[in-house]
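A short worksheet on the structure shown next.
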Amino acid sequence: MITSLNGYTTVTFDAIAQTAFVEAIAVLGGFETTRVEVISVINNNPVLLLTTAVNVEYMVSFLDLTRTSTTATTLNAAVAGGDLSAQLVAQGLTELTSVTEVTSASINAPPPPAPPPALAVTHLPGLSPTFSCPFIDTTCTPGASPPCPCFSDACANSHYNSISYAELLPACMRVTLAFCEATLTGSVQTACAPFTSRKQEVKLIGQSGGVMDSNTPERGGRKSRMVLPTDAMTEAVELGMGELAYDEFTARMPNGRYAKSSYISLTPHGKTFLKLVDVEIPFTKSLSGYGIKVMKTSSETSSEWIELPYTINDVDATTAVATVRVSSFSIVVVAEDESSVPPPSPPPQPHPPPPSPPPSPPPPPSPP
């Protein structure tokens with residue numbers, strides 16, 4: 001709205017006068033002064049240097065459209081009926097001679113909110129017809145660098161309905177980790193959360209064997225570890241070792257058993273080896289003195305657990321490491337078992353009796 005105030009110039013309509021103007025508008029409208037903003041003050045006719053009128057452009061802000069409409073009607077009527085002029089004088093603008101309306105009050109609705117970003121649409125050959133990309137198209141594009149998994153041949157698997165953390169094979173996991181961990185591409189992607197918040201390592205290992213222990217699941221500051229011996233495989237394969245959430249696989253923990261380690265996913269699930277693979281799983285010791293079980297399920301969709309033989313090495317007072325040997329990959333966990341107790345410690349070895357004192361020397365011979 002623009003109102004012309006006769007009797008004032010841009011010099012005399014100073015900050016004090018502008019504050020009085022705002023107070024008058026707020027009184028007439030019945031709202032707080034914080035809703036009023038003076039946008040500009042210009043001379044009514046800048047060609048005439050001695051002009052004695054200013055045009056005041058101001059805005060009143062409301063979130064409610066009905067309140068906005070009512071206020072616009074009220075202010076228009078206040079100018080036309082003389083109420084604004086009287087209120088301005090009451091607020092101290094005594095040099096005012098008249099008030100005229102230059103532009104009546106209008107309603108400027110805020111722009112509609114921007115639509116949410118769209119998910120990327122991919123037609124990558126090999127994907128399932130029902131595949132839905134979870135990444136938005138701001139950075140997930142065919143030419144993204146690092147590549148977006150939805151456009152990467154490494155993820156062109158007909159079994160994928162989406163890029164789901166628990167279901168990815170190591171090759172696709174490697175691409176997804178790179179995409180999500182890069183600030184340029186992953187920082188705006190909410191679907192990257194599980195890939196950036198969990199420990200997950202992917203490594204290409206061949207016939208000569210190898211070790212995975214750099215970005216693997218941890219417990220008590222100790223990392224899990226996997227050791228593949230030489231000749232466990234005949235060719236190089238991408239392998240993965242990461243942590244799953246309990247709701248990301250099918251098998252449920254039996255009654256009376258509680259996880260004391262991460263649920264560790266060894267991928268590809270079902271991958272078999274020519275030699276046994278050592279897996280070290282750090283876990284939190286039982287505070288109740290219960291025994292433990294190391295359990296394995298064949299895949300994220302299996303509902304069965306099998307128990308594995310294990311050895312234990314203590315790390316400190318609260319953490320230990322269970323080592324198992326597996327011939328195939330799946331999900332493993334160390335669980336506390338309320339129905340068992342750890343084997344008793346062996347009894348202390350008896351102390352040997354102290355050695356007998358040496359025999360006394362023979363008495364010296366009697367003199368002749």
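Annotations for the structure displayed:
- Net length available on complete extension from Gln18 to Glu37 is 5.9 nm, with 0.36 nm assigned per residue and the Cα-Cα distance removed.
- For segment 65-195, the fraction of 1.4 Å probe accessible surface lying on carbon and sulfur atoms is 59 percent.
- Using only side-chain charges placed at the Cβ, +1 for Lys and Arg and -1 for Asp and Glu, the dipole size of segment 133-225 relative to its Cα centre rounds to 460 debye.
- Helix 15-29 and the long axis of the chain differ in direction by around 90°, with both axes built from C-alpha atoms.
- Mean ellipticity per residue at 222 nm, deg cm²/dmol - from DSSP H runs of n ≥ 4 across the chain, formula -39500 (n - 2.57): -5000 deg cm²/dmol
- For the chain, the longest principal axis of the alpha carbon atoms and the long axis of helix 65-81 meet at an angle near 20°.
- Relative to its residue count, segment 218-275 spans a Cα convex hull of 122 Å³ per residue.
- Gain upon complete extension [Leu287, Thr138; 0.36 nm per residue less C-alpha separation]: 48.7 nm
- 0 to 90° range, to nearest 10: angle between helix 170-181 axis and the chain longest Cα axis: 40
- Label point of Thr100 set 7 angstrom out along Cα-Cβ; within segment 21-44, amide nitrogens under 13 Å from it belong to 44.
- Val56 long-range amide H proximity, modeled H, under 5 Å: Thr3, Ser4, Leu5
- The residue among Thr66, Gln18, Phe273 whose Cα reaches farthest toward the positive pole of the charge dipole of the chain, with charges on the beta-carbon of Lys, Arg, Asp and Glu, is Phe273.
- Kirkwood hydrodynamic radius over Cα pairs of the chain, then Stokes diffusion coefficient at 20 °C and 1.002 mPa s, in µm²/s: 76
- Using the Cβ-Cβ distance between Val315 and Phe62 with R0 set to 56 Å, the FRET efficiency from 1/(1 + (r/R0)^6) comes to roughly 0.30.
- About the centre of its Cα atoms, the chain shows a dipole size close to 1280 debye [charges on the beta carbon of Lys, Arg (+1) and Asp, Glu (-1) only; nearest 20 debye].
- Theoretical FRET efficiency, 1/(1+(r/R0)^6), r = Cβ-Cβ of Glu235 and Ile306, R0 22 Å, to 0.05: 0.20
- Within a straight-line Cα-Cα reach of under 13 Å, Lys275 can be paired with the following aspartates and glutamates, leaving aside sequence neighbours fewer than 8 residues apart in one chain: Asp231.
- Within segment 208-235, backbone nitrogen closer than 15 Å to the virtual label 7 Å beyond the Cα of Leu276 toward Cβ: 227-230, 232
- Most to least accessible of Ser69, Ser330 (protein chains only, probe 1.4 Å): Ser69, Ser330
- Only one residue of Gly7, Ser214, Pro149 has its Cα farthest out toward the positive end of the dipole of the chain, where Lys and Arg carry +1 and Asp and Glu -1 on Cβ, and that residue is Ser214.
- Of Thr267, Thr234, Thr19, the one that fluctuates the most in a GNM where the chain has Cα springs shorter than 10 Å: Thr19
- When you restrict to C-alpha pairs under 8 Å that are six or more residues apart and normalise by the size of the chain, the relative contact order lands at 10 percent.
The values are calculated or read from the model by the stated rules, or taken from the named source; none is laboratory data. In this text the structure is predicted, and so the values were computed from the model without any measurement. Reconstructed Cβ throughout: ideal geometry from the backbone, glycine too, with neighbour counts over all protein chains shown. Just so you know, the surface numbers come from the protein's heavy atoms only, side chains and all, with ligands and any DNA or RNA stripped out. Shrake-Rupley method; radii C 1.70, N 1.55, O 1.52, S 1.80 Å.
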